[in-house]
Amino acid sequence: MKFAIFGNKHQTKKSKSIEKLFDVITRNGDQFAIDGPFYEFLKNGNIEMPLPDEIITDDMFTADIAISFGGDGTLLRTASRVGSKAIPILGINAGRLGFLTTTSNEDIDYVLGKIHNKEYDVEELSLIEAVTDGTELKSYPFALNEIAVMKHDSSSMMTVDVTLNGNDKITYQADGLIVAAPSGSTGYSLSVGGPIITPDANVLVLTPIAPHSLSARPIVISDKTVIDIKVNSRSRNFLIAIDGRNESCSETTRITVRKAGYKQIIIRRREHTFIQNLKDKLMWGTDLRD
């Protein structure tokens, strides 16, 4: 079995725990490739590791399993590297909350043993895609969590016109708008008042950011909906954030958001359900009173 390893390059202390990952891979007789910048980061941090079978320098790599070593942000970046290659991703949490990365450092031996014996479950998560009307985006246009349009920090409130399936029009006066996939409902969307959606739901969520009107509320729509977005801003530009990958767009740029044509495969432990994750990570439904 061959693993492709991607990691967070900003936490040297936590990266020490990756030595356990290398030890288990070597002990099981498996191969591994590692992302070039992460490999250099570990070398400079004096992390002990065996010689990799391959250094990954672009997105044309092959593997049986991709490993994301870090937090949820690292997993989102790994997903953008894996793309539509249908390689399952295992998220090992070396970050803080780790809602998508459910495997802890203490579980590495157990989980990789199960993977080596092909005893694991996968979850197929829907993605969304941003398409522009001629202005090509610089970043990867697919998102596992959300696609958001936002004002620049110094800009005034924007007007965001949204058209659903070419018919129904919604206008938001706000700091921005989030279009979230089900797996993104516990991220940025939740932090600004959006609902929690189970990963297997065939829906999307539109969540305004700091809306001017109290009547503007998140709305859940079918994931078959085609969402056209037009932004009006005094600054004549705005930001688009695709799973945290930000770039500036001209006010004339029109964006279409729709469900992607492929799904992201995530490895889940059989005993770790979405509801259990809510309880563990977000203390959902917990009574904190003494």
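Here are the numbers:
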| item | result |
| --- | --- |
| Selection from region 151-172 of residues that are part of a loop (DSSP other than H, G, I, E, B) and touching a Ser or Thr at 6+ places or on another chain (Cβ under 9 Å) | K151, H152, S154, S155, S156, M157, N165 |
| Residue that is within 24 Å of N277 (Cβ to Cβ) and under 22 Å from the mean Cα position of the chain (by Cα), where the choices are G83, G36, G113, G71 | G71 |
| Some residue of region 17-24 being farther than 23 Å from N117 by Cα, aromatic (F, W, Y) and over 15 Å from the mean Cα position of the chain (by Cα) | no |
| Unique residue being out of contact with any Gly (no Cβ under 6 Å at 6 or more places or on another chain) and modelled with pLDDT under 90 when the list is S126, S139 | S139 |
| Single unsatisfied condition, G91 versus (1) within 25 Å of G187 (Cβ to Cβ); (2) without any contact (Cβ under 8 Å) to a residue 12 or more places away in the chain | (2) |
| Answer residue from region 43-67, given it is part of a loop (DSSP other than H, G, I, E, B) and of a type in the set (G, A, S) and is nearest to H10 (Cα to Cα) among those | G45 |
| From R245, R234, R289, R254, residue being more than 17 Å from the chain's Cα centre (by Cα) and more than 28 Å from D168 (Cβ to Cβ) | R289 |
| Subset of region 142-163 [among the aliphatic types (A, V, I, L, M) and either within 20 Å of G193 (Cβ to Cβ) or touching a Cys at 6+ places or on another chain (Cβ under 9 Å) (or both)] | A143, I147, A148, V149, M150, M157, M158, V160, V162 |
| Test: residue in region 173-182 that is at positive phi, in contact with a strand residue (DSSP E or B) (Cβ under 6 Å, 6 or more places away or on another chain) and surrounded by 15 or more Cβ atoms within 10 Å (Cβ to Cβ) | yes |
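Residue-by-condition table, conditions (1) over 27 Å from I265 (Cα atoms); (2) in the same structural domain as I242 (by TED's automatic domain parsing); (3) buried (at least 24 other Cβ atoms within 10 Å of the Cβ); (4) more than 24 Å from the chain's Cα centre (by Cα):
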{"residue": "M150", "(1), (2), (3), (4)": "yes, yes, no, no"}
{"residue": "T159", "(1), (2), (3), (4)": "yes, yes, no, yes"}
{"residue": "I170", "(1), (2), (3), (4)": "yes, yes, no, yes"}
{"residue": "Y188", "(1), (2), (3), (4)": "no, yes, no, no"}
{"residue": "I197", "(1), (2), (3), (4)": "no, yes, no, no"}
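Table: residues versus (1) buried (at least 18 other Cβ atoms within 10 Å of the Cβ); (2) closer than 15 Å to P141 by Cβ; (3) out of contact with any strand residue (DSSP E or B) (no Cβ under 6 Å at 6 or more places or on another chain).
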site	(1), (2), (3)
S215	no, no, yes
D223	no, no, no
G244	no, yes, yes
T253	yes, yes, no
G261	no, yes, yes
H272	no, no, yes
I275	no, no, yes
W284	no, no, yes
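The values are calculated or read from the model by the stated rules, or taken from the named source; none is laboratory data. Just so we're clear, the structure is a prediction, and the values are computed from it rather than from any experiment. When we count neighbours, we look across all protein chains shown, and the Cβ atoms used for this are built from the backbone with ideal geometry, even at glycine.
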